[in-house]
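A.B. asks: Here it is: the structure, laid out below.
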Amino acid sequence: MASPQVVTGAGSNRRTDAAFVRARNGRGFSSAQAVQTLSAVSIGAQAIRAIGASSRGRVAAVFNRSLYLEFDGGWCCLVGTELGASPVNICVLLPGRMDIVTRNAAVDTIDQGFVIGSRLHVVTASARVWTAPIVEWSEETLIRGLAALDPLCLDHAPNAGLSRIVWPRSLADPASFELCVAMPVVASLAGWLQRVFERGAPELPPGSITKLVGLGPGLTPSGDDFLVGMLVVLSLAGRFDLVAAVDQVIRPTLEEGTGPISRLHLAAALDGESSERLHAMVNAVLAGDHDVLASRLVLISQVGHCSGWDTLAGAVMVLRVLARTHRSVMAAGRDAG
Amino acid sequence: MSFRVNQVRHGLFLDSVVLMQVSRTVAALPGVEDAALMMGTPANQEILENSDLLVPDGESAGGGDLIVAIRAKDETAATAAMDQAVLLLDQPVAVRAASAAVQPRTLRSALRVDPNANLALISVPGDFAAAEARKALRAGLHVMIFSDNVSLDDEIALKREARQRELLVMGPDCGTAILGGTPLAFANHVPVGDIGIIGASGTGIQEVSCLIAQAGAGISHAIGVGGRDLSDEVGGISTLTALEWLESDPKTRHIVLLSKPPSAAVVERISAELDHSRKSFTVCFLGAQNLPLPANAVAARTLRAAAASASGFQEDTSGGTGLARPLAGDRKWVRGFFSGGSLAAEAQVIFLDQGIRVASNAPIQGAYALSEVTAGHTLLDLGDDQYTRGRPHPMIDPAVRDDPLRQALHDPTVGAVLLDIVIGYGASEDPAAHVARILGHHGNRDPVVIASVTGTEEDPQVLSRQVSILDSAGVWVRPSNAAAAEAALACIAA
């Protein structure tokens, strides 16, 4: 776990805080309109990259409790702490709503943070750099975790999105188009993982994996969320070669295949990180920590309409192959013995 | 021949929950056959094409654009639905812009606008609610704290300070109040009358006040005190203040106290206060047995009994036995899905009082926790934190109930499904229609679906209209939550 670090905006083109506010007021902003200062408590790697390489940006999307910011150097997301840390998030203690600023409002980076329009001043100087936590686990704890997780998910997985591929419901329930598209892709991905885990040698994933890109409902389409979960677990399992293989196949399709917000989360997942909530859940499964699964599942289910479930489904698909592969290897060893 | 229309909103990013809500609303409009709001990725365009929803207008969308796609029976219906979709998509921004122009942004500026105000309703994230409440108290205002996640220490400190200042703190997590005929937050349009209610539970206040209204009586004030007020730690500070307030209110004849069971020490303190009062009381501490009450107070086991005791109507506890339908084959379990915690608790009381074992995620004394059982009758409080963190309360968005309801309808062991429909200010616009859509053509097949509607004719959703929609969907509608629970038990026994 990384120790707390101080994030400062470097660069010669930065102005100081006070100078910035003076400059804004000098350009005609009402000094009577208060600038609200928010202190960031954590910041993720993608967010550091986005603001570190930029002097200027804009507000790309506005929600009650979060803002997506587009800088020259990439995108990041300003969120209230209750939404949790992630590689793309800058978490702030938020006394009110974020939607007091408007879409396309200018964002200017300054010495110790940035200013959004004439409304919010975000100070990142004392923010902790968030990195995904890692737990000790074994095949035994993983199998225990999966065994405890599956009954919970069978009961609660939503019909929308792709999680019903991993936790199927009655065959009598009608399947959505995205589910019909994704089912054979997920089956072929599971087969690919089985092969590469057993043989050890990397091979490219099936080309049909690109059918998941941009597939399904939600601000971040379900197929993208599924890929995020899958990539995170591959990284946690140390199979960076397989992450690179997935990257090689899907990257050419990302620009046209999905939206900028989803691309941001996929890029973070290709670097091995996603939301704090997903990591907490995956780590609990890996460590077989069944007591916390139900409460963490509640948090997962609160992410988007079904995004949390879709990322968890992608993660669990890989975790199951990991568990199964190990058991078959062990069985083969016993037979040989 | 169906008519299809698409609109592309470039670079419009909306929360997934909003997208699904708008999709659902538009799909339910008259003449609409199908509707979807999706990001315009190539994969989603293929889905829309396969759903017969895509037209050339939509094909221009990129991955960062939103496609609004509608198929309706004719052009008029499609155009009207698109207009509605656009209105819904733009509404939040328009409403915010309009309200920002007239709404004060701080407590101080609000008091400048209306110096005669004497109550502040605090609805901010829990971390900040205590500070805002403290400011309000120091400005001489009574406080209703709608926010939850306020620490117990803050609650105690606020209530002690309020007591010193002779002010009342309602809450935290106080979702319902009616003061002098004015409903606040989630409350119903009930007539003004001579019955006061002091309650630690929002839907409990709603059920009792509505049953009192249906009996022809009315409410002087209904004061929410927050779910922890009668705990040992808080010691009933706000309940005692509210009692003093209603004691001195000449328009209040009878007072109803509602809560989950407090500790013995708090009961003793409350009883002593009642004993000194000149008024009469009904005490409903759901699940509590053998309460030591003074002569001017009667105990009520259920919310319906509390309303009956306060307003004098005769309770029908038959459960509609004559109407109950015998359950088929292995269908022997009841599944209850409640949006109101007190309504879930009241149903548990009814089951336990008839000697029927029951489990809940919010078990009252004598009931099992869900984790303790693998089969049996289960009554879920879907308004509990575990279902609502980061999501709208089921009274606002009834979709929280959809999945468990569908699952229960397909479960061959379920004989009866029990639902509460809570209407009134702040609640979903048409919760009965939502349930009816989920039930589809379920009709009179098994399992039997039983519901009650908490509300009045004067509520925006109109009680009789909600009952009629449920009735048409094959739901057995009972006149109260208690009666619905009794009906479910009557089905088991039939």
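A.B. asks: Just give me the residues in the range B:41-55 being out of contact with any Phe, Trp or Tyr (no Cβ under 7 Å at 6 or more places or on another chain) and within 8 Å of another protein chain (Cβ to nearest Cβ), in sequence order. Spell out how you get there, then give the answer.
C.D. replies: Here is the first cut: in the range B:41-55, the residues out of contact with any Phe, Trp or Tyr (no Cβ under 7 Å at 6 or more places or on another chain) are B:41-46, B:48-49, B:52-55.
Correct list: B:THR41, B:PRO42, B:ALA43, B:ASN44, B:GLU46.
A.B. asks: Exactly one of these conditions fails for A:GLN194: (1) under 21 Å from the mean Cα position of the chain (by Cα); (2) farther than 30 Å from A:LEU78 by Cβ; (3) polar (S, T, N, Q). Give me its number.
C.D. replies: Here A:GLN194 clears every test but (1).
A.B. asks: Run down A:LEU83, A:LEU93, A:LEU154 and say which single residue is closer than 30 Å to B:ASP403 by Cα, at pLDDT below 90 and in contact with a Gly (Cβ under 9 Å, 6 or more places away or on another chain). Quick ask: steps written out before the conclusion?
C.D. replies: Values: A:LEU93 fails: closer than 30 Å to B:ASP403 by Cα; A:LEU154 fails: in contact with a Gly (Cβ under 9 Å, 6 or more places away or on another chain).
Selected residue: A:LEU83, the only one of A:LEU83, A:LEU93, A:LEU154 that is closer than 30 Å to B:ASP403 by Cα, at pLDDT below 90 and in contact with a Gly (Cβ under 9 Å, 6 or more places away or on another chain).
A.B. asks: Pull out all pairs, ordered by first then second residue, where Cβ-Cβ is under 8 Å, the residues are six or more apart or on different chains, the first lies in the range A:76-95 and is away from chain B (no Cβ under 11 Å), and the second is among the charged types (D, E, K, R).
C.D. replies: Here the result reads A:VAL79/A:ARG65; A:ALA85/A:GLU276; A:SER86/A:GLU273; A:SER86/A:GLU276; A:PRO87/A:ASP271; A:PRO87/A:GLU273, each pair linking the range A:76-95 to a residue that is among the charged types (D, E, K, R).
A.B. asks: Do any helices (runs of 4 or more DSSP H) lying entirely in the range B:328-422 carry at least 1 residues that are out of contact with any Pro (no Cβ under 6 Å at 6 or more places or on another chain) and hydrophobic (A, V, I, L, M, F, W, C), and which ones are they? Full working, then the answer.
C.D. replies: Values: elements: B:341-353, B:385-388, B:402-409.
Qualifying helices (runs of 4 or more DSSP H): B:341-353, B:402-409.
A.B. asks: If B:ALA213 meets every condition in (1) out of contact with any strand residue (DSSP E or B) (no Cβ under 6 Å at 6 or more places or on another chain); (2) of a type in the set (Gly, Ala, Ser); (3) more than 26 Å from B:GLU155 (Cα to Cα); (4) not in a helix (DSSP H, G or I) apart from one, which number is that one?
C.D. replies: All conditions pass for B:ALA213, except number (4).
A.B. asks: Please enumerate the residues belonging to the range A:50-59 that are buried (at least 19 other Cβ atoms within 10 Å of the Cβ) and outside any loop (DSSP other than H, G, I, E, B).
C.D. replies: A:ALA50, A:ILE51, A:GLY57, A:VAL59
A.B. asks: Kindly state which helices (runs of 4 or more DSSP H) lie completely within the range A:210-324 and contain at least 1 residues that are crowded, with 24+ Cβ neighbours inside 10 Å, of a type in the set (Asp, Glu) and touching a helix residue (DSSP H, G or I) at 6+ places or on another chain (Cβ under 7 Å).
C.D. replies: Working: elements: A:222-236, A:240-257, A:260-270, A:276-286, A:293-301.
Of the helices (runs of 4 or more DSSP H) lying wholly inside the range A:210-324, those with at least 1 residues that are crowded, with 24+ Cβ neighbours inside 10 Å, of a type in the set (Asp, Glu) and touching a helix residue (DSSP H, G or I) at 6+ places or on another chain (Cβ under 7 Å) span A:222-236.
A.B. asks: Within the range B:436-488, can you find the residues that are among the hydrophobic types (A, V, I, L, M, F, W, C), surrounded by fewer than 24 Cβ atoms within 10 Å (Cβ to Cβ) and assigned to a helix (DSSP H, G or I)?
C.D. replies: Matches in the range B:436-488: B:ALA436, B:ILE438, B:LEU439, B:LEU463, B:VAL467, B:ILE469, B:ALA483.
A.B. asks: While we're looking at this one, here's another question. Just need a number here: residues in the range B:121-144 that are crowded, with 19+ Cβ neighbours inside 10 Å and farther than 19 Å from A:GLY80 by Cβ.
C.D. replies: Residues flagged as crowded, with 19+ Cβ neighbours inside 10 Å and farther than 19 Å from A:GLY80 by Cβ within the range B:121-144 amount to 7.
The values are calculated or read from the model by the stated rules, or taken from the named source; none is laboratory data. All values derive from a computational prediction rather than experimental measurement. When we count neighbours, we look across all protein chains shown, and the Cβ atoms used for this are built from the backbone with ideal geometry, even at glycine.
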